[in-house]
Every structure is written in C-alpha cells, then in structure tokens.
Amino acid sequence: MARTAPARATTASRPPSRAKLCAFRLVAAVGLPLLLLVALELGLRLVGFGHATAFLLPDRISGQEVWISNPRFGWRFFGAQQARTPLTVSIPKRKPPETVRVFVYGESAAYGDPQPDFGLPRVLQALLSERFPRTRFEVVNAAMTAINSHVALPIARDCAKADGDIWVIYLGNNEVVGPFGAGTVFGSQTPSLATIRATLVLKQTRIGQLLNAAVRRLKSPPADKAEWGGLAMFMDNQVSWNDARLAKTYDHFERNLRDVIAAGRKAGVGLVVSTVAVNLKDCAPFASAPLAGLSQEQQTRWREWVQRGAQAREAGRFAEALDCFRQADQIKGGVAELEFQRGHCELALANTTQARGHFSRARDLDTLRFRCDSRLNDTIRRVAGGRERDRVLLADAELALARRSPNGIAGAECFYEHVHLTFEGNYWLARTLAASVEALLPEDVRLQAGVKQEWASLDQCARRLGWSDWARQVALAEILGRLNDPPFTQQSDHAWHLARLGAELNALPPSPALLQDGDARCR
C-alpha cells in the first residue's frame, strides 16, 4: 500500500514569527492611544469646544462665498483675554475680473493704528486706484496689533489660499516684545523655533486648546495683568543690547521672514519686503541699562557729568553739553538716554551725520525694545535684497522716510510717538511701497498710468479717503491718552510731546465745525 505524503502546514496554521508579534504589539500600543486621541478630538469638536484657528474663514454673505477674518485668530498666541483682533475683512473667494488683490502684513504700524481707516493699506489702495483707474484694487489689511514674525508667518501661509497677486511685508517692530520674543509677556521667552512651531500646531487642535486652557487656569496671571494693558505690561521685561536671548530673537526673525517669502513665492505672488521706519529724533528711549558694574564713586561722577550736560543743553551751550556727555560716556557707555542727549546736541550744532548715529544707537540701546532696530532692518535688506528675478523687491522705507524728514532723521513729522504714523507719514510710507508694487503689476495694468508721471498727492488721497481735521482730532486725542501711561511717562521728552500734541489739538477749529467738515468730506 502506497504511503501518502504528509500534508503541508498552511500559512494560517503556522505560528507568527517573533518579528510579526512585535509589529502587532507595536501597532496595538500606538494605534489604541491614537484612536483614543482621534476620538477625543472629534468628541470635543462635536460638543462645540474650542475655536477655528485660521486667519481667514469661509463664509457666505448674500449668496456669495467669501473669506472673512477670524476674530479669534489671536487666541492661539495671546490667550482669549489679551488677544488683539484683526481688522474685519470680507473678500470674495472668487476674485472679480480686472482686480488686483494685495495683502499687507505686519504689526500695528502696518495695521494703521490708531486709525486703520486712514492707515497704510487704505492709503496704498487710494494711490493705486488713482494711478490705474481701470483696475480694481483690493488691498487687504492682514496686519495686527502686538504681533511679530511668529504670528505673521501663519497669517501669510493662510492667506496664500486667497488668490492674492502681491504681498507687502512691513514687519519688525514687535520682534522682541511679541509672542516668543526675548521681552515678551505672552508666555515663554525665546524657546527653540522647533518648539514654537510644534506648540502652535498643537494649539490648532481642540486637544491642544483643552490643554492650553488647563495650563492657563493653573497659571492664571494676577488680575491686573490678565487683560491687555498696553505698553505698560512690558515694564518689567527690559532687554539690554548684550542679552544672550537677543541672538535667538534675531535668528527667529530671519528664518520666519524667509519662510514668509517662501510661502509667497509658492503661492505665485510678487512680494514687496520693506525695512521699517521708526521715530529716531523725537522719541527718547523708554528705558536705559542700569549702571551695573560701577562703584558708588563712579556712579556719582557719571550722574554729575550727565546733570551738568543736561543743564548746559537747557541753556543752549551745546558744545559744553557734548563735552560733559563724553565725560560720562567714558565712565559708562552704552546708555540709551545718554546717546539720545548727545544726538540732540550734535543736531543743534548742525552735525547731522553724528546726530543720526547717536539717535540710531539710542534706539538700539533702548531696553524696552518696541522699535525695529538696526540689526532687524539689516536682516530685511540682506534677506530681500537682490531677488528681483524671484519677483521679490526690497523697499527701503527707513531710508525713504528719513529723506522726507528735516536733517534726514525721521521724527515727529511722520510719527505720533515711537512707531505709529500720522496720516502724512502713512502717505509717504505708502508712496514708497507703491513704487515697488507698481513694478510687480501686469504690464497691461501698468500701461493705464499713461501720461501720469506723478502719484496722487497727499490732498488727493485725503479727499478720496475722507480724511479731515475731525479725524485728526480723534487721532490726537487717542495718542494723548496713551502718553499719560507708562512707559511714555518716563521718557525724558514726555513733557515736550504733551505740549506739542496739545498745541496741535488747540490749533484745530471748534468741534461743531470739525464735525460739519468731516461729515461733508465723508459724503
């Protein structure tokens, strides 16, 4: 009888190998928690917990699909109580024909504070519309108060979906005091860029928002610091020029700026990247470095020289004042206020080059760093310069506004206080940027300028936007109110600012006439 061959073991009957068992266990170990996290995320969304984090949200208005600005966008960076809100924006998802859409990114100066209705984006739109009358310009204000490049980058990446043609970047004032900066009050100071970006991604999820809410509840700030408190919030967060954290801040800014430009190039838009102008001549430092490292005797001599210099300057003996300030500088240099005083003495003696250098150093040495400094502007020039082939154009607003100012040093002619521009300052800033925007327009649009060799004048833009003395009065009253709070009250030129702005207010016609004129201009 023939012997039958033993049946072969089937695949199903074989015991799994050790490698497969390990793989199964790994999938079970990872997959189960992952499934639980997904279920938790979906559950939180179903019960309505949390909020959308995109800068632009889809909506439908009068049957038309539009993008609207998200009033809760800032919560991810500042928390709900301290967050600033973007300007209310509504633009069609489908861009109308014969339309050029321009996005403006930046902080409060780009936003147009204290009056966004008369700020950079509106003046830029007026200039472009006057020069190219057959093209419709949508200039979208995508700037926000108190933000910096860590916030501008997510805004830009989100706006990439909104069919823009040109991006304008005017960014750099809040890099130190904004979220994740060396002097911020909004959470961690200068963590690694990887940590920052991972944190922001986590906060886009409802789980991340739940964790963040729990942490904020456990670490709730004092009642007087829980809500937005203006620049006074930063009084205890001074950062000297040699603070090691500044190097990380500068590095983060450069990498974020490069990524904003990369996002714009990927979206196929042209980019205008501008340096940032600030008030140098008429803005005393908010705070100076302490006299650390000096003996009591040296501190006494330093103060004596400074006092003698201040008295000589007050009496109009500027050469003598300069000599006193030099003596003090030899004892202790790198003091912002001392540089500012030397700048005014040099200016009084018509030494404009030396004065400009002192004013610039006073800004760079200010330990309450609310103004874009030399290194940040140099970074902007280095990152954006020489990239015309990529449709990336550098606009040098810092230089342009200086040239428009007496003695070539920007001051109260363009600024209300440290960085916020007057209507005239916004006009000259917009003129600077408009020239670069024009170079990025399609040729058929550029030809519309025809025989027009000049841009619309300041008066023409004022009429188009309804700017009036009534609007000026509102702005001056707002700024005067701010100047009554720290850190403005500790500036050495504080009394001068109050007198200057008060005189401007008193020179305006009575309120009834202002209201009548303002109403007529708006109509």
Worksheet item: What part of the accessible area of the chain, given as a whole %, is carbon or sulfur when the probe is 1.4 angstrom?
Response: 54 percent
Worksheet item: At q = 0.26 Å⁻¹, what log₁₀ I(q)/I(0) does a Debye calculation on the Cα points of region 368-426 give, no solvent, two decimals?
Response: -1.10
Worksheet, complete the sentence: With label points set 7 Å from each Cα along the Cα-to-Cβ direction at R521 and L202, the distance between them in nm comes to 5.0 nm
Practice prompt. Report the GluC sites (Glu not before Pro) located in region 440-480 that are in a DSSP loop and have at most 13 other Cβ atoms inside 10 Å of their Cβ, or state none.
Written response: E454
Practice prompt. Using a cut-off of 14 Å between beta-carbons, work out the net charge of the residues near P509 (Lys and Arg +1, Asp and Glu -1, P509 not included).
Written response: -2
Discussion item. Between 0 and 90 degrees, rounded to the nearest ten: what's the tilt of helix 336-348 against the longest Cα principal axis of the chain?
Written reply: 40 degrees
Worksheet entry | Alpha-carbon centroids, region 184-222 and region 54-95: separation in whole Å | 21 Å
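Quick check for you: with a 1.4 Å probe and neighbouring chains kept, what is the accessible area per residue of the chain, in Å²?
48 Å²
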Worksheet item: Quick one: in region 341-481, what % of C-alpha pairs are over 23 Å apart?
Response: 50 percent
Worksheet item: Angle, helix 296-314 long axis vs. longest principal axis of the chain, Cα atoms, 0 to 90°, nearest 10?
Response: 60 degrees
Item to complete: Give the share of C-alpha pairs in each 10 angstrom bin for region 448-523, from 0 to the last occupied bin, in whole percents, shortest bins first.
Response: 17, 34, 26, 18, 6, 0
Worksheet entry | Structure-based [θ]222 nm, the chain - -39500 (n - 2.57) summed over DSSP H runs of at least 4, per residue, nearest 500 | -15000 deg cm²/dmol
Discussion item. Exposed loop sites here are chymotrypsin sites (Phe, Trp or Tyr not before Pro) in DSSP loop states with at most 15 other C-beta atoms within 10 Å. What is the longest stretch of the chain lacking them?
Written reply: 229-523
Worksheet item: Using alpha-carbon positions, what is the distance between the centroids of region 253-331 and region 436-490, in Å?
Response: 28 Å
Worksheet item: How many Lys pairs in the chain lie less than 30 angstrom apart by Cα atoms, where the lysines are 8 or more positions apart or on different chains?
Response: 18
Item to complete: Return the Cα extents of region 192-327 along principal axes one, two and three, sorted largest first, each rounded to a whole Å.
Response: 63, 45, 26
Fill in: Cα-Cα pairs of region 418-474 separated by more than 17 Å (percent)
50 percent
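Using only Cα atoms, figure out Rg for the chain and give it as a multiple of 2.2 N^0.38 Å.
Taking N as the residue count of the chain, the ratio is 1.19.
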Worksheet, complete the sentence: Percent of all Cα-Cα pairs per 5 Å bin for region 60-217, counting from 0 up to the last occupied bin, reads 2, 8, 16, 20, 19, 14, 10, 6, 3, 1, 0
Worksheet item: Counting DSSP beta bridges in the chain, what percent are antiparallel, to the nearest 5?
Response: 35 percent
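The values are calculated or read from the model by the stated rules, or taken from the named source; none is laboratory data. The model shown is predicted, which means the values in this text are computed figures rather than measured ones. A quick note on method: Cβ atoms are made from the backbone with ideal geometry, for glycine too, and the neighbour counts reach across all protein chains shown. When the accessible area is computed, the model is the full protein with side chains, heavy atoms only, and any ligands, DNA or RNA have been set aside. Shrake-Rupley method; radii C 1.70, N 1.55, O 1.52, S 1.80 Å.
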